[in-house]
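Working notes, structure below.
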Amino acid sequence: MERIEEILDGVTTMGIAGHIRPDGDCVGSCMALYLYIKEWYPGIQVDVYLDHPKPVFQHIDCMDEIKMEAEGEKAYDLFVTCDVSARDRLALAGDYFESAKKTACIDHHVSNRGFAMENHIRGDVSSACEVLYGLLDPEKVDRSVATAIYTGMAHDTGVFQYSSTSPQTMRIAAKLMETGFNFSKIIDESFYEKTYIQNQVMGRVLAESIMLLDGKCIVGYMKKRDMDFYGVDGKDLEGIVSQLRLTRGVEVAMFLYEVESQVFKVSLRSNGCVDVSKIAVYFGGGGHMRAAGCDLAGSMYDVINNVSEQIEKQLLGQEA
Ligand code: AMP
Ligand code: MN
Ligand code: MN
């Protein structure tokens, strides 16, 4: 695989961006690359674009330098996307991707078909952060960069728990840890900690969840009016689908919330039998074998029916 210095050859201006509703891996990979370039390539003028990252990522350096809006016409020498599975998932800086002289994509979604000029996509790797690490010079990964990479790896592996966690993931994590950041604080504050309201909402979704397909599929949902009642948005609902997945006997967990009237964001998690990325792709979304998502219009009843029908097809296919 090419290394970062080859990608940066001849570059004096550079933009970096992640996907809409940026998660830990997205923020971590974009910021790690940004911090690395700032530190080791002072001759490159670099900007990072992220769509309103959550305050739980404030432990990463230079979060106040993130651009949350595009700023008029520009043509970067190089534009890099991190953790972005498809061109239409690129948040706010899409025009800069189009106008850039060279584009590169650093990602780990199996559904990613390679939309940039240079594609560094490893569907078998835990996180975009881990793919990025493979492109960097490990000797130049200081505490600041390591903190960002570790955050993304911890988030996308469910704190080194999901099957995407490999021995290499742990070796990299160990190497990062040696730079001396407070890993337990990062994990607690950015991953596990919930506000009282977030816990209340999770409790409500779990209490109202339904079991389908002989207990192999669990469905949780939240309608717009209930989200308004609690004063929560999509960012407050992270972690709910993971909790649903842990229900005994369940193969697939589905969680949906209403982003606008009759439009739902659907999150899918699998325990291994069902490839949920295939289901998400079928509905115009994407993701990984065990974690994927899509956006669907229609009544809640229709959305649940249509998605569970595809889950059932895969489950039945395995029985046959
Ligand atoms: P989520 O359920 O939002 O946590 O997403 C799980 C995985 O699926 C993440 O890796 C997302 O990048 C991916 N994903 C979620 N929604 C979409 C979508 N609408 N299109 C493409 N990929 C998605
Ligand atoms: Mn992501
Ligand atoms: Mn990711």
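The values are calculated or read from the model by the stated rules, or taken from the named source; none is laboratory data. Small disclaimer: the values here were computed from a predicted structure and weren't measured. Cβ: placed from backbone, ideal geometry, glycine included. Neighbour counts: every protein chain shown.
Each residue in the stretch 188-210 was checked for being outside any helix (DSSP H, G or I) and surrounded by fewer than 16 Cβ atoms within 10 Å (Cβ to Cβ), and 4 of them qualify. Within the stretch 130-157, the set of residues being assigned to a loop (DSSP other than H, G, I, E, B) and crowded, with 18+ Cβ neighbours inside 10 Å comprises L136, V141, T157.
Just one of (1) under 24 Å from the mean Cα position of the chain (by Cα); (2) surrounded by 15 or more Cβ atoms within 10 Å (Cβ to Cβ); (3) among the basic types (K, R) fails for K223. It is (2). Sub-7 Å Cβ pairs linking a first residue in the stretch 88-112 that is among the small types (G, A, S) to a second residue that is part of a strand (DSSP E or B) and within 16 Å of ligand 1 (Cβ to nearest atom), at least 6 apart or interchain, are A91/A17; A91/H19; A93/A17; S111/G286; S111/G287, ordered by first then second residue. Pairs linking a residue in the stretch 243-258 that is farther than 11 Å from K216 by Cα to a residue that is of a type in the set (G, A, S) and in a strand (DSSP E or B), with Cβ atoms under 6 Å and 6 or more positions apart or on different chains, are L244/G220; L244/A253; F255/G220; F255/S267.
Looking only at the stretch 12-36, filter to residues that are more than 16 Å from ligand 2 (Cβ to nearest atom) and surrounded by fewer than 21 Cβ atoms within 10 Å (Cβ to Cβ); which one of those is farthest from T195 (Cα to Cα)?
T12
Does K175 count as more than 26 Å from P53 (Cα to Cα), part of a helix (DSSP H, G or I), among the basic types (K, R) and away from ligand 3 (no atom under 16 Å from the Cβ)? When the stated conditions are applied, K175 passes them.
Just a yes or no: is a residue in the stretch 17-29 of a type in the set (S, T, Y) and more than 16 Å from ligand 3 (Cβ to nearest atom)? No, the stretch 17-29 has no match at all. The numbered conditions (1) surrounded by 21 or more Cβ atoms within 10 Å (Cβ to Cβ); (2) at pLDDT below 95 are all true for S127 except (2). Only one of the numbered conditions (1) over 27 Å from E312 (Cα atoms); (2) within 16 Å of ligand 2 (Cβ to nearest atom); (3) polar (S, T, N, Q) is violated by Q168, and that is (2). Counting only strands (runs of 3 or more DSSP E) that sit wholly inside the stretch 211-320, those with at least 1 residues that are in contact with a helix residue (DSSP H, G or I) (Cβ under 6 Å, 6 or more places away or on another chain) and basic (K, R) are 263-270. Close contacts from the stretch 17-36, counting a first residue that is free of Cβ contacts under 8 Å to residues at least 60 places away in the same chain and a second that is away from ligand 2 (no atom under 13 Å from the Cβ) and hydroxyl-bearing (S, T, Y), with Cβ to Cβ under 9 Å and a gap of 6+ residues or different chains, come to C30/Y49.
E193 meets the stated requirement of being under 21 Å from the mean Cα position of the chain (by Cα), acidic (D, E) and more than 30 Å from G317 (Cβ to Cβ). Quickly run through the stretch 98-122 and pick out the residues that are within 16 Å of ligand 2 (Cβ to nearest atom) and modelled with pLDDT of 95 or more. The answer is C105, I106, D107, H108, H109, N112, F115, H120, I121, R122.
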